[in-house]
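The values are calculated or read from the model by the stated rules, or taken from the named source; none is laboratory data. Keep in mind that what you see is a predicted model, and the values were worked out from it rather than measured. Cβ coordinates were reconstructed from backbone atoms using ideal geometry, including for glycine residues, and neighbour counts include every protein chain displayed. When the accessible area is computed, the model is the full protein with side chains, heavy atoms only, and any ligands, DNA or RNA have been set aside. Shrake-Rupley method; radii C 1.70, N 1.55, O 1.52, S 1.80 Å.
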Amino acid sequence: MKMKTFEYFVFTPKVFLILSTLVIGIISCNSGNPTLTIVKEFAKQHSEIGSINSSSEMPDWEKGKRVQIRTDKGEYLVYLHNKEVVSVYKYLDDGQRLRIYHKEISSTTATIDKSKDKDIPDYKILFQVDLNSGEGRFGEILISSYSKKIPKVERERTLRKIIKKEGFVSAVLYSTEDAYKANSSESFSKAHPNAFKNGYLGQITEKGVFVE
C-alpha cells in the first residue's frame, strides 16, 4: 500500500516579509487615496483624458499635490490646489509637455505687484509653476496697460525685469486675461479664436531668448 506524502510550506523570514508587503499593499489600495480619488472624478468629467490605468504621486508643487497618471489615451501630469484639479499637462512623444487644462486659482493667491520701480508697470502673475527641467519656475504674466503697440524692445525689457524680480527662468506676457485663458484651455481657444493672437505679447524661453 502506498503511503501518502505531505509537503509543508515553511514560513522563512524572507517569505514572511514578501507576504507582509503584499498585505500592506492590498490594505493601502483598499483604504483609498484622497488625491487620486479627486483625479479620478476629474477624469470622469473630462473624457478627453481617458480612463486611468495607473498612477503615481509626484513631489508636491508650491501650492499643492501632483499626480502622474497613465490612461488609455496617454500620460498626464496633474496639478491640484485645495483638493481641486487646476492644471493638466499631457506628455508628448518628444518628451515635452502640453497643457490641455487649466483653472485659474482664486485671486487671493494671485500676485499683484505695485512696484516702486517706475520702469515696471503694474502687473499680475496669473500662473506660476516649477519647470519640468528642474531649472526654476515658469510664470504667466498680465500687464493690462500694455498692447501690441508697445515696441518689442520695451516689452522684452519689461518682461526681463519682472523675471528677475520674481525669480522666474521663463515667462509669457499677455495684455488680456482672455489670451491667457485661450493658451490654457483648448475649448476657450476654439470659442474665442482671436483671443490669444490679440493679447499675446511674447515670452522668454528657458534659454533666455525673447520670442513673439
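In the list Ser170, Ser189, Ser185, which residue meets the criterion of being closer than 17 Å to Arg137 by Cβ and either without any contact (Cβ under 8 Å) to a residue 40 or more places away in the chain or open to solvent by less than 70 Å² (accessible area, probe 1.4 Å) (or both)? Full working, then the answer.
Values: Ser189 fails: closer than 17 Å to Arg137 by Cβ; Ser185 fails: closer than 17 Å to Arg137 by Cβ.
Exactly one of Ser170, Ser189, Ser185 is closer than 17 Å to Arg137 by Cβ and either without any contact (Cβ under 8 Å) to a residue 40 or more places away in the chain or open to solvent by less than 70 Å² (accessible area, probe 1.4 Å) (or both), namely Ser170.
Among the candidates Lys152, Lys164, single out the residue that is surrounded by fewer than 16 Cβ atoms within 10 Å (Cβ to Cβ) and without any contact (Cβ under 8 Å) to a residue 24 or more places away in the chain.
After applying the criteria, what remains is Lys164.
Each row is one residue, and each column tells you yes or no for (1) touching a Leu at 6+ places or on another chain (Cβ under 7 Å); (2) assigned to a strand (DSSP E or B); (3) farther than 17 Å from His102 by Cβ.
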position: Phe138; (1), (2), (3): yes, yes, no
position: Ser147; (1), (2), (3): no, no, yes
position: Ile150; (1), (2), (3): no, no, yes
position: Val153; (1), (2), (3): no, no, yes
position: Leu159; (1), (2), (3): yes, no, yes
position: Lys164; (1), (2), (3): no, no, yes
position: Val169; (1), (2), (3): yes, yes, yes
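Does region 93-115 hold any residues that are modelled with pLDDT of 60 or more, in contact with a strand residue (DSSP E or B) (Cβ under 9 Å, 6 or more places away or on another chain) and not hydroxyl-bearing (Ser, Thr, Tyr), and which are they? Can you show your working first?
If we filter region 93-115 for residues that are modelled with pLDDT of 60 or more, which is where we start, we get 93-105.
Going one step further and asking which of them are in contact with a strand residue (DSSP E or B) (Cβ under 9 Å, 6 or more places away or on another chain), we end up with 97-105.
The answer is Arg97, Leu98, Arg99, Ile100, His102, Lys103, Glu104, Ile105.
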